[in-house]
Amino acid sequence: MRYGRQIAVVVPAYNEERFIVRTLRTVPRFVDHIVVIDDASTDRTAERAARVRDLRVSMIQSASNRGVGAAITCGYARALDLGADWIVVMAADGQMDPGDLRALLRPLAQGDADYVKGNRLGHPSVRKSMPLGRRIGNVILTRLTRLACGTPHLTDSQCGYTAITRQAALALPLDRIFPRYGYPIDLISWLSAQGARITDVVVRPIYGDEESGIRLTRDVPRILWILARAALRRIAATTVTRRLPAATPIQS
């Protein structure tokens, strides 16, 4: 618990046997619940996660591979059932620095945001840490996301290191969010349409020798479709004024 709030960390995992144990062991002690969503891994991800001796850890194993977006929304649902006030997403591959978690939660504690996204592109080490191709792709997708979702301040739309309030998560149609690659855009679109306040916090980019699962011929048409749907949702939302009630800042 931190700031008097129950905090859950959702860890979507698919074939992350090399990193899952280290990731779970580095989750800060002030986190109350750690929810691992094993998305039908074909390696020993679930076995290794189950061996972690931490009473905070619980695991859901999907019968079939549904995608990272579906894993995250499944984790949201479990975290809400556990009574979490704030829900954080940390990938199982160790690409998110646990030391950045306090900074990620700060806008929620101050009542300034309903959803906080990590911003790797603003970190001074990004040019050395993030491969050039990914950096260019993120910049392009972020600019397109700004236009489609009406979020001109957004800096790194593809960063999966996020924190959301219970109220904002409850307002989301979890069963309608895009389940696979491209889910960040769709999630931002739904939040923006609900009037949620979205902000960025600079986080450290971490990359190792893992391979990207992005396939241009498959994923580019998918992304364009998600962006088009987001733009239509934004237009529809302009006819109805929506705003989540402002959160009360926590007194330090």
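A few notes on this one:
- D_trans [Stokes-Einstein, Kirkwood Rh over alpha-carbon pairs] for segment 128-239, 37 °C, 0.692 mPa s, µm² s⁻¹: 220 µm²/s
- Under a model in which nothing but the beta-carbon of Lys, Arg (+1) and Asp, Glu (-1) is charged, segment 75-210 shows a dipole of about 400 debye around its Cα centre.
- Of TYR181, ALA236, PRO98, farthest towards positive along the dipole that unit charges on Lys, Arg, Asp, Glu beta carbons give the chain: ALA236
- In order through segment 145-157: 3J(HN,Hα) via Karplus (6.51 cos²θ - 1.76 cosθ + 1.60), integer Hz, x for Gly, Pro: 5, 4, 5, 6, 9, x, 10, x, 8, 5, 10, 9, 5
- Taking the Cα centre of the chain as reference, the dipole from Cβ charges on Lys and Arg (+1) and Asp and Glu (-1) amounts to some 500 debye.
- Percent RCO, i.e. relative contact order, over the chain, from Cα pairs under 8 Å lying at least 6 residues apart: 23 percent
- Each DSSP beta bridge with both residues in the chain is either parallel or antiparallel, and the antiparallel ones are about 30%.
- Per-residue 3J(HN,Hα) values for segment 49-54, derived from phi via the Karplus relation 6.51 cos²θ - 1.76 cosθ + 1.60 with θ = phi - 60°, read 5, 5, 7, 5, 8, 8 Hz in sequence order (x marks Gly and Pro).
- Rounded to the nearest whole angstrom, the semi-axes of the ellipsoid equivalent to the chain, taken from the Cα gyration tensor as √(5λ), stand at 25, 22, 18, largest first.
- Shape metrics for segment 1-114, restricted to C-alpha atoms - Rg then Dmax, Å: 13.5, 42
- Phi to ³J(HN,Hα) by Karplus 6.51 cos²θ - 1.76 cosθ + 1.60 over segment 229-238, Hz, x for Gly, Pro: 5, 5, 5, 5, 5, 5, 4, 5, 5, 5
- Segment 82-180: mean projected area of Cα convex hull, nm²: 7.6 nm²
- VAL57 long-range amide H proximity, modeled H, under 5 Å: ILE34
- Choice from LEU232, LEU105, LEU121 with maximal GNM fluctuation in the chain (Cα, 10 Å cutoff): LEU232
- Longest exposed-site-free window of the chain, the sites being chymotrypsin sites (Phe, Trp or Tyr not before Pro) in a DSSP loop that have at most 16 other C-beta atoms within 10 Å: 31-206
- For segment 4-100, trypsin sites (Lys or Arg not before Pro) meeting the loop criterion (DSSP other than H, G, I, E, B) and having at most 12 other Cβ atoms within 10 Å: ARG29, ARG51, ARG53.
- Relative contact order (%) - criterion: Cα under 8 Å, at least six apart; region: segment 1-87: 39 percent
- Mean ellipticity per residue at 222 nm, deg cm²/dmol - from DSSP H runs of n ≥ 4 across the chain, formula -39500 (n - 2.57): -11500 deg cm²/dmol
Every number in this text was worked out from the coordinates using simple rules, so none of it is lab data. Every value quoted in this text rests on a predicted model; they were computed, and no experiment measured them. Here Cβ is always computed from backbone atoms with ideal geometry, including for glycine, and neighbour counts include all displayed protein chains.
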